[in-house]
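Notes to accompany the following structure.
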Amino acid sequence: MRPVSLTLKGFRGIRDGLGRDVIDLDFERLAGSAQLIAIVGSNGRGKTTVMDNMTPFPTMPSRAGADGLGGFSYYDQVCLPESIKDLVWEHGGERYRSQLVFRRSGKKKTEAFLHVRRGDSWQPMRLGDGTVSDGKLDTYVQCIEQILGSAETFFTSVFAAQGRRQLSAYKNAEIKTLLADLLGLDEIRALGAKALETAKLLKAGLAAVRQERTGLKAEVEQVVGELARLGNTGGRIVEAENAKAAGQAALDRAREELAKHAAKRDVAVQTEARRNQLTMERRSIIEAGKAALGALDAQDRREGERLDQLIRRISQRAEDERKRRKELTEQRARLEATLKIAGVIKRASQRLGWAESVVVRREARVAELRRDVERLEKLRADSKLARERIAGIEREAGQASLKAQELSRRFGLTAEVPCAGTDLQGRCKLLSDARAAQSLKPSADAQISRLQEARTKAVHHLRDIEARGRDLTAAPARLNVAEATLKRSRERLARLSLLAARQGELAQARELLAGIGQQIESLLPNDGEETVEEKAERGAIVATRQAVVAQREGEAKRQRDSLRRLEAALAALPAPFDASQIERVQRGVEEAQRALVTIEATYVKAVRDQQAGEEFRRRKAVDEGRLTALDTRMRRIEGQVGVWLLFAKCMSNDGLIALSIDDSGPTLSGLANDLLLACYGPRFTVSLKTLVETAKGETREGFDIVVHDAELGEAKSVTQMSAGERVWINESLTRAIALYLTQNSGRQYETLFSDEADGPLDPERKRMFMAMKREVLRIGGYRQEYFVSQTPELAAMADVIINLDQFRCAGGAAARSST
């Protein structure tokens, strides 16, 4: 894999470091055929952002953690509503184009496309199984891994991300998975996975069979319980037949007794008919008497209501006369009160004009004071603006002064630059920058003078504003006093206007007062006495009510005589037939019938239980046969589960894969030791151990890197070495893995990547580190390596330098290259 060009749009690292939203890098033009390419720039210029995006994998390994494969989201690294990563790269003689689009307007959405160059056009990548890169991230990742292999192997072997874990920190399962991918043992792992899946399916089937057996066993136990519950059904049938015969005999006896009592009841039917006739006559007399008495009571109530209405009319007439007298008295009192304030009303009419003139003068005074307050507020606003203007001029002057000092300092460097006066002064960027500062210094001094003059004018203008505002300082207080005085004058004018408006009421009050006196005198005293007509009506009502009382007494006497005659006839009749005897005998018949029905149900149930028992015995025999067959099947499945689990163990990381890794360990160690010998001398050699010793002295599966120190004559784990020693040993092993990948798996990436991997090394080791890079390129047949370093000496040893500081210019600038 080799990057050709990269376009990043909307990435935070580029915007914060270079001050632009888009950056385009043409690696073919910038790097050419160089082997070692250094990406340099000041801190925060976006070097790691560029390096992380030079691979087609949809991640930024330095941001993801866990060796570039941990939790990561591009949306934490982009800032525009639509951000884009566009990478053109080559691999295996084909040219590809990766386009990742990140949209964050509303709902976040990511689109990923992979195209391959065919002639003069780009076409969507299509795999052999028909998978097409259709913009979905899953299909994109599937296409990338089909071309470049797994991301784990890529970021472990050829991409040294910033802050990645060292190989010594890998767990046993992680290192075995990595080495298995290097050795091309995926087919073995796939067989192991299939065997494990087969074992899981067999276990699932075994669980189903066991569940079926448990259900069948419960069914057999249930059948045995039912048989025990049914008991001796033959004996129960004989007992039910005997009880049925006895019940039928008892029912026949009860029916004979019921027929005897029915004959006695027929004889007493005529007597009961006469008794019912007399009872009906008695009821009719009672109802007729109630109706007559009810009519008399209704007539008495009507006469009582007429008397109540007469009394209410007399009371209402007296009440109306009292209300009329009271209303006339109250009206006369109000008119007399109005006549008493006649003098006050006259004085109010005389003073009304004077009060109106006072209100007009005071309103003019308030308007004048409000204009003064408005002028004071305007002067205060102008004063605030003037002060802000002076503060802005002072800030601008400070910045101009700092700029002038910077230009003076840069111009002073012309005498200090070592290339001054030599053949190199024409190409020296520092000397040209100092001379440019000389041309800019006069304009900076002129800007400082202009700002000082502007500040003096602003100060004079502020003082003039403050002088005019001092004369109007007391205007708000005077306005408050004038407004309070105007309010009191308006209230006094309102009171005088109301009093003066009542001038016309005085003559009207005198006229009405005389008329009210005459009306009061015309009212005659009335103590609620009745008129002649009312007395006659009261007498008629009393006479009618007395006649109703007499009629009620006569009707009551006639009703009592008729009832005594009927009761004597009823008493002469014989006693009625006792119907409870029929009911008692009928209940006996019903009880005998119910007992017989119960006995018959018991007989039927015994017969059915006998039939059910035969069915249960048949089901028990069938279920016991099925249980025997299920036990045989379970033993066969359990044997197959053991076989497939053993096969899966053999195909796992701890089986054939572990043996293959043990075989590859010397080859990896040899490649790493060759790099250490070529670059750092014969002091250190490494060996890989896949079996480690426990605290009890036993051995178990594991992974450790043992370093042999020729100077000290001892061997120890790499975890016990210093940070700098661990760096170059880890880099040697990592590059050895890359070399092994190239030599044994046939997977050639062409390009290596390294981001600030030389941090803990001393200057001498840094130079050896660069020598190792060239050795790896030579042995592995790699085309080039891109690396990021903050060490100027290492950057100077590169074939080409891509300086991101040059991209900070406003108009854009090409990367600077040097060979």
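The values are calculated or read from the model by the stated rules, or taken from the named source; none is laboratory data. These numbers come from a predicted model, not from an experiment. Cβ coordinates were reconstructed from backbone atoms using ideal geometry, including for glycine residues, and neighbour counts include every protein chain displayed. All accessible areas refer to the heavy atoms of the entire protein, side chains included, with ligands and DNA or RNA removed. Shrake-Rupley method; radii C 1.70, N 1.55, O 1.52, S 1.80 Å.
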(message) I'm checking my understanding of the structure. Among residues of the stretch 313-328 that are open to solvent by less than 90 Å² (accessible area, probe 1.4 Å) and free of Cβ contacts under 8 Å to residues at least 40 places away in the same chain, which one is nearest to S522 (Cα to Cα)?
(response) D320
(request) Could you identify the single residue in L114, L100, L137 that is farther than 15 Å from M1 by Cβ, among the aliphatic types (A, V, I, L, M), open to solvent by less than 10 Å² (accessible area, probe 1.4 Å) and at pLDDT 80 or above? (result) L100
(request) Take L310 and decide whether it is open to solvent by less than 40 Å² (accessible area, probe 1.4 Å) and touching a residue at least 40 places away in the same chain (Cβ under 8 Å). (result) yes
(request) Taking L296 as meeting all but one of (1) open to solvent by 50 Å² or more (accessible area, probe 1.4 Å); (2) closer than 30 Å to S562 by Cα, write down the number of the exception. (result) (1)
(request) Look through the stretch 778-819, keep the residues that are in a helix (DSSP H, G or I) and open to solvent by 40 Å² or more (accessible area, probe 1.4 Å), and return whichever of them is modelled with the lowest pLDDT. (result) I779
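One line per residue, one yes/no per condition, for (1) open to solvent by 80 Å² or more (accessible area, probe 1.4 Å); (2) acidic (D, E); (3) in a helix (DSSP H, G or I); (4) modelled with pLDDT under 80:
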| position | (1), (2), (3), (4) |
| --- | --- |
| S580 | no, no, yes, yes |
| E591 | yes, yes, yes, no |
| R594 | yes, no, yes, no |
| Y603 | no, no, yes, yes |
(request) Go over the candidates R97, R63 one by one and state the one that is in a strand (DSSP E or B) and either farther than 25 Å from A151 by Cα or charged (D, E, K, R) (or both). (result) R97
(request) Identify the residue in the stretch 540-556 that is in contact with a Leu (Cβ under 6 Å, 6 or more places away or on another chain) and hydrophobic (A, V, I, L, M, F, W, C) and, among all such residues, is farthest from L307 (Cα to Cα). (result) V548
(request) Scan the stretch 252-292 for residues that are within 30 Å of A606 (Cβ to Cβ) and open to solvent by 80 Å² or more (accessible area, probe 1.4 Å) and jot them down. (result) R253, R255
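Residue-by-condition table, conditions (1) under 30 Å from G554 (Cβ atoms); (2) part of a helix (DSSP H, G or I); (3) aliphatic (A, V, I, L, M):
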site: R229; (1), (2), (3): no, yes, no
site: E239; (1), (2), (3): no, yes, no
site: E256; (1), (2), (3): no, yes, no
site: T271; (1), (2), (3): no, yes, no
site: A288; (1), (2), (3): yes, yes, yes
site: L293; (1), (2), (3): yes, yes, yes
site: R306; (1), (2), (3): yes, yes, no
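Conditions tested, residue by residue: (1) open to solvent by 50 Å² or more (accessible area, probe 1.4 Å); (2) at pLDDT 90 or above.
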| site | (1), (2) |
| --- | --- |
| L6 | no, yes |
| K9 | yes, yes |
| V22 | yes, yes |
| L25 | no, yes |
| A31 | no, no |
| L36 | no, yes |
| N43 | yes, no |
| T48 | no, no |
| M51 | no, no |
(message) So if I check each of A180, A190, A173, which one is assigned to a helix (DSSP H, G or I) and either modelled with pLDDT of 65 or more or not aliphatic (A, V, I, L, M) (or both)?
(response) A190
(request) Run E305 past the list (1) modelled with pLDDT of 75 or more; (2) surrounded by 12 or more Cβ atoms within 10 Å (Cβ to Cβ) and report the number of the one that doesn't hold. (result) (2)
(request) Consider A556 carefully, then state whether it is more than 20 Å from I286 (Cα to Cα) and either in contact with a helix residue (DSSP H, G or I) (Cβ under 7 Å, 6 or more places away or on another chain) or of a type in the set (G, A, S) (or both). (result) no
(request) Working carefully through the options A207, A249, A195, A245, find the one that is open to solvent by 60 Å² or more (accessible area, probe 1.4 Å), assigned to a helix (DSSP H, G or I), on the phi < 0 side of the Ramachandran plot and of a type in the set (G, A, S). (result) A245
(request) Among the residues of the stretch 102-125, write down those that are among the basic types (K, R), in a strand (DSSP E or B) and within 39 Å of the chain's Cα centre (by Cα). (result) R103, K109
(message) What pairs come out if I take residues in the stretch 532-555 that are aromatic (F, W, Y) and pair them with residues that are part of a helix (DSSP H, G or I) and open to solvent by less than 60 Å² (accessible area, probe 1.4 Å) whose C-beta lies under 6 Å away, six or more apart or interchain?
(response) none
(message) Being farther than 27 Å from K773 by Cα and touching a residue at least 40 places away in the same chain (Cβ under 8 Å) is true for just one of L8, L30, L36. Which residue is that?
(response) L8
(message) Filter the stretch 538-584 down to the residues that are of a type outside the set (G, A, S) and either in contact with a Pro (Cβ under 7 Å, 6 or more places away or on another chain) or closer than 30 Å to I314 by Cα (or both) and list them by number.
(response) R538, I541, V542, T544, R545, Q546, V548, V549
(request) Working only within the stretch 369-390, note down all residues that are under 14 Å from H461 (Cβ atoms) and not charged (D, E, K, R). (result) L379, A381, S383, L385, A386, I390
(request) Identify, by number, the condition in (1) at pLDDT below 75; (2) over 30 Å from R584 (Cα atoms); (3) of a type in the set (A, V, I, L, M, F, W, C) that V269 doesn't meet. (result) (2)
(request) Please find, among E491, E530, E521, E483, the residue that is modelled with pLDDT under 75 and part of a helix (DSSP H, G or I). (result) E521
(request) Can you give me the ranges of the strands (runs of 3 or more DSSP E) entirely in the stretch 665-777 with at least 2 residues that are of a type in the set (D, E, K, R) and modelled with pLDDT of 70 or more? (result) 714-717
